[in-house]
Amino acid sequence: MSTNALTQTWFMTQRQLMAVLRQPAYVVLMLIQPAVWLFLFGNLFKKVVELGGFGTTTYLDYLVPGIVVMSALSSNMWAGMGTLEEIERGTLNRFLTTPVSRGALMNANVVQQGLTTAVQSVVIILLGKLGGADYPGGAAGLVVLVVAASLLGTVFGALSNALGMLVRERESIIGINTFLLLPLTFLSSAFMAPSQMPGWMRHIADFNPLDWAMVAGRSAMTANPDWSDVLTRGGGLLALAVAAVWLSTRTFRAYQRSV
Amino acid sequence: MNTPAPAVEARQLIKTYPGDVTALSGMDVTVEPGTVFGLLGPNGAGKSTTVKILTTLARPDSGTATVAGHDVLRHPDRVRRAIGVVAQKSGADPVATGRENLQLQGRLYGLRGAALRRRVDELLARFHLADAAGRQVKGYSGGMQRRLDVALGLVHRPEVLFLDEPTTGLDPEARTAMWDEITRLAGDEGLTILLTTHYLEEADRLAERIAIVDRGRVVVEGTPDALKGELRGDAVHMELREAVGDSGRTSLKDSLSALPGVHEVLFDGRRISVRAEDGAAAVPALLGALERVGVGVAAATVARPSLDDVYLRYAGRRYADAEAAADSAESTESTENLALAGGA
């Protein structure tokens, strides 16, 4: 990518970040909702840790990575709504008639979503700390969790953008997201230790990218991380993110042909 | 005479959208540099599709087009540097301020630092947006947003400016103000403007040449004066009690055309439209002639020639029918009501 495309990516990312920050209600909700989850699930399931297999001393320690990943999913899966709005408003077409690099338009989405997810993840980690959670893996473990959550956010952000450009209907995005959010979350180790899950659920979870992000984060966050777990799951997420961004770039080209 | 290369030249553009919607069926447009050219037609006539192809957004199925001397298919990037586009929909970012919108637009064309600041200030002042420059665009009035859209299109001093329905949806006051802005723009050194509109009055007022577009092609082209000149006199519309057969039409047409002061007779279903030097004076003679051959008339109206008459004459169908057909065929274009500029 030329330096020109890089600068342009930065200009477009700035614009998107500013758009997020200028909607304080959205920012507040994005940060309050995870706090509510932490509080609700943290109290509701406090005792399940006694069943064993969680690998942490308290349930909150176990829960924080689950909420970080769940929030990365739930905030990025709406990215397509923004893209749809930009199409309907004519903003996307305005940019397409300028010499701006086509890659910069797409990359700005990815960078913005990655940065936003990282900030959101850090805030949840701090909230957990405030609530008494312990992170024995230290900074390295937390960085892995944030990176894994951002990669997962990229996957679903890119898929949501592709969906927005393809179907151009808010209802479809809402329907699919509502349908996916809870099953994807519960078919993972977000709230329950894998050894306590029914066998069939555990097998499904093995193929669930949410679970990969949680496993990578949790492994890295233990006192003695199993780095092979981190690498396989992290590698899987990276490959998936590349594939999803590729798909959304293809969809973007299809959109350009349909104008 | 030494004629300079055209600023815009489209030849035989054809474009079909999925679902067999023919948007363009052989569109030809030539715009001389430094002039204002108006594409006039109802929704779905192909104006916006033409603009999309000329501004590199869409690709034609066949045909060629050059803008500012660059081929839109082979060198879209060169075209993009040479053009400014004000699309039908305001593409301004509503959560950004007017200044931020202009700054980003300038940066995309490579403007930086003091030069960018100067250009943005200049445009804000020129389009009376200096006081609102620091406010988010979502709080702007329709007229302010439209002025910002035009400023966005001009940030890099383009050679060719495209204005796609620049005043659709504006209230009359904002429309008049926008007309004044466009008139001033037309005076800019060397700027070529291609304007699309469905208001006859707008094309008449702003464009040096007009092309009337119907069903994806140009049906007539000329200066506004020449087009209007051909429509001198009044239009008399008569609603018949029942339709006249083909054979009856020919003889009826002949007898009506023979009446003094009657220029042109057109049949459109149960309707007969006549152009007459003095409409009011012609009505009794017309009614008399119809009565003699036993054709009953339900209603007769006299009107100054309107865009509808231009349409009926050149496109062979009424403007309202063209709009209705377009609306049912293509829901993507705006379906705002057409203000027939009668007597303009």
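Might you check whether a residue that is surrounded by 16 or more Cβ atoms within 10 Å (Cβ to Cβ), touching a helix residue (DSSP H, G or I) at 6+ places or on another chain (Cβ under 9 Å), within 14 Å of another protein chain (Cβ to nearest Cβ) and within 30 Å of B:ARG78 (Cβ to Cβ) occurs anywhere in region A:20-31? No: zero hits.
Picking from B:ILE83, B:ILE53, which residue would you name as being within 11 Å of chain A (Cβ to nearest Cβ) and in contact with a helix residue (DSSP H, G or I) (Cβ under 9 Å, 6 or more places away or on another chain)? Step through it out loud before you land on a result.
Values: B:ILE53 fails: in contact with a helix residue (DSSP H, G or I) (Cβ under 9 Å, 6 or more places away or on another chain).
Result: B:ILE83 is the single residue among B:ILE83, B:ILE53 that is within 11 Å of chain A (Cβ to nearest Cβ) and in contact with a helix residue (DSSP H, G or I) (Cβ under 9 Å, 6 or more places away or on another chain).
On inspection, A:ALA140 qualifies as part of a helix (DSSP H, G or I), modelled with pLDDT of 95 or more and in contact with a helix residue (DSSP H, G or I) (Cβ under 9 Å, 6 or more places away or on another chain).
Going by the conditions given, is B:THR183 at pLDDT 90 or above, in a strand (DSSP E or B), in the same structural domain as B:ALA68 (by the TED database) and not aliphatic (A, V, I, L, M)? In short, no.
What are the residue pairs meeting all of these: first residue in region A:69-97, first residue within 14 Å of chain B (Cβ to nearest Cβ), second residue of a type in the set (Ser, Thr, Tyr), Cβ atoms under 7 Å, and 6 or more apart or on different chains? Final answer for the pair search is A:GLY90/B:SER90; A:THR97/B:THR55; A:THR97/B:THR56. Screening region A:16-116 for helices (runs of 4 or more DSSP H) wholly inside it with 2 or more residues that are touching a Pro at 6+ places or on another chain (Cβ under 9 Å) returns the ranges A:59-76. The condition of being touching a residue at least 40 places away in the same chain (Cβ under 8 Å), more than 16 Å from the chain's Cα centre (by Cα) and on the phi > 0 side of the Ramachandran plot holds for only one of B:GLY153, B:GLY169, B:GLY190, that being B:GLY190.
The set of residues in region A:200-259 that are out of contact with any Lys or Arg (no Cβ under 6 Å at 6 or more places or on another chain), in contact (Cβ under 8 Å) with a residue 12 or more places away in the chain and aromatic (Phe, Trp, Tyr) comprises A:PHE252, A:TYR255. Given the structure, is A:MET1 more than 11 Å from chain B (Cβ to nearest Cβ), surrounded by fewer than 13 Cβ atoms within 10 Å (Cβ to Cβ) and either at pLDDT below 90 or on the phi > 0 side of the Ramachandran plot (or both)? When the stated conditions are applied, A:MET1 passes them.
The values are calculated or read from the model by the stated rules, or taken from the named source; none is laboratory data. Not measured: the values here are computed from a predicted model. We place every Cβ from the backbone using ideal geometry, glycine too, and count neighbours over all the protein chains shown.
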